[in-house]
Amino acid sequence: MFKIKKILPGLILTFVVAVLSFYLAEWLPVGAVVIGITLGMIFGNLFKLPSRCSIGISFAEKQILAWAIILMGVKLDFNIIKELGYKSIIIIVIAIIFTITISQVLSKLFHFNKRLGLLLGIGNGICGSSAIAATEKIIGAEKDEVGLAVTIVNFLGTIGMFSLPLLVKYLLHFNDIHSGFFIGNTLQAVGQVVASGFSINHAVGHTATIVKMMRILMLTPVVFTLIYYFHKKNKKNDIVIKKQGIPYFIIGFILLSLVPTFHLLPETNIHQIGKISHYLLLLAMVGIGFKINFTAVIKQGGKALLIGSLIFALQLLFSILMIDLVL
């Protein structure tokens, strides 16, 4: 009871901003998560938040984020693999590796923050905010870096949501299968893929959604690769890993993916859990937003947008090349 009283003020504040973000998303062309982290950042920098709110805000950005990641596992149905041919799967895997790799190459070329560059690559390459949230603790990212990565990746995805249908229709002249593959293999968020694909026709929308689901499945091997890489790179971190093991939220994330894969719950329940995960992610991002420093964002913002845009542009070009050469 004592602990609940301590976290309640900050949690209520976070909840109010999250609800406001949710309703604003109905009127604005960006997702609630982006609005939430932005509002949190605005309130956190313009107003001096009461000290009694700090514990609840920290609870939101740490514990609630962990729960959101665990429940996120229900979105990973490995049966999707059956609906894709081996060529499509190979292209998706190579495209993700390319996007994450190019993020580090560009970071080195532009003398840019490698952690932030990696978050931009992961967000662009896999599934936007969810991928950033699932990996930020593993790579040791700062709150400012997480907030900036989420904002930029979703901003680019929103632009792509409107522009990619025009691109495939009037410039690339792709057929329905190729159009769906291109949209599903490049846009960041599921909502963006669905909106963009089905704005062309049902066949494009269906193909794009399946391809996007396969990209989301790749979050699992990427997470384990990052855990191995960062643990091996830093000997001090390696000692911590041996003591703590794999983070509990990653284990929960993997276990929850078994639910849709083996049909352990009705589809309606799985959908409801997925929605709860989204709401918890929104709460966590508001909490992260409260702790983001405007000065740090402004300092890195221009170059971060440039790097993110280059990553996205090269991701698009790579997918076009793969579709022409392989599909």
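Laboratory data are not the source of any read-out in this text; all were calculated from the coordinates shown. Computed from a prediction, not measured in an experiment: that's the story for all the values here. Neighbour counts are summed over all protein chains in view; Cβ atoms, including those assigned to glycine, are modelled from backbone coordinates with ideal geometry.
Go ahead and set up a Gaussian network model of the chain, Cα springs under 10 Å, then flag whichever of L39, L283, L265 fluctuates most. Looking only at L39, L283, L265, the biggest GNM fluctuation is shown by L265.
So, with +1 on the Cβ of K and R and -1 on the Cβ of D and E, and no other charges, what is the size of the charge dipole of the chain about its Cα centre, to the nearest 20 debye? Kindly include the intermediate steps, with their values, before the conclusion.
Details: 27 positive and 12 negative charges, 270 e Å.
Approximately 1300 debye in magnitude.
Let me have the relative contact order for the chain, percent, based on Cα pairs under 8 Å that are six or more residues apart. Across the chain, relative contact order equals 34 percent.
Which entries of K48/K212; K233/K303; K87/K143 show an alpha-carbon separation above 31 angstrom in the structure shown?
Details: K48/K212 41 Å; K233/K303 26 Å; K87/K143 38 Å.
The pairs that break the limit, which is 31 Å between Cα atoms, are K48/K212; K87/K143.
Charge tally for G289 (other residues, Cβ to Cβ under 10 Å; Lys, Arg +1; Asp, Glu -1): +1.
What value, in deg cm²/dmol to 500, does the helix sum -39500 (n - 2.57) over DSSP H runs of n ≥ 4 give at 222 nm once divided by the residues of the chain? Don't skip to the answer; put the middle values down first.
Working: 16 runs with 249 residues, N = 327.
Calculated at 222 nm, the ellipticity per residue is -25000 deg cm²/dmol.
Across the options I122, F262, L11, the greatest Cα extent toward the positive end of the charge dipole of the chain (unit charges at beta carbon of Lys, Arg, Asp, Glu) belongs to L11.
Taking square-rooted eigenvalues a ≥ b ≥ c of the alpha carbon gyration tensor, is segment 112-155 rounded, prolate or oblate, where a/c under 1.5 means rounded and, failing that, a/b exceeding b/c means prolate? Please list the in-between numbers first.
Values: a/c = 1.40, a/b = 1.20, b/c = 1.16.
Cα axes put segment 112-155 in the rounded bin.
Once a ≥ b ≥ c are taken as the square roots of the eigenvalues of the Cα gyration tensor of segment 277-327, is the result rounded (a/c under 1.5), prolate (a/b larger than b/c) or oblate (a/b not larger than b/c)?
Judged from the Cα gyration tensor, segment 277-327 comes out oblate (a/c at least 1.5, b/c at or above a/b).
The Kirkwood hydrodynamic radius of segment 5-52, based on inverse pair distances between different Cα atoms, is 11.3 Å. Note on the chain: GNM, Cα springs under 10 Å; of K62, K48, K87, the largest mean-square fluctuation is that of K48. Which semi-axis lengths, in whole Å and largest first, follow from the square roots of five times the eigenvalues of the Cα gyration tensor of the chain? Listed largest to smallest, the semi-axes of the chain are 31, 22, 21 Å.
List the DSSP H helices in the chain whose Cα atoms stretch 24 Å or more along the helix axis and whose mean Kyte-Doolittle hydropathy is at least 0.5. Mind dumping the intermediate values first?
On the way: long enough: 2-24 (34 Å, 1.69); 86-109 (34 Å, 1.86); 143-166 (35 Å, 1.11); 267-290 (35 Å, 0.80); 294-325 (45 Å, 1.59).
Correct list, ordered by number: 2-24, 86-109, 143-166, 267-290, 294-325.
With a ≥ b ≥ c the root eigenvalues of the C-alpha gyration tensor of segment 180-312, is it rounded (a/c under 1.5), prolate (a/b larger than b/c) or oblate?
Because a/c hits 1.5 or more and a/b fails to exceed b/c, segment 180-312 counts as oblate.
For a quick check, take a GNM of the chain with Cα springs below 10 Å and name the residue from F224, F182, F155 with the largest mean-square fluctuation. Highest fluctuation of the listed residues: F224. One equal scatterer on each Cα of segment 40-150, no solvent, Debye formula: the resulting log10 I(q)/I(0) at q = 0.10, 0.22 Å⁻¹ is -0.40, -1.23.
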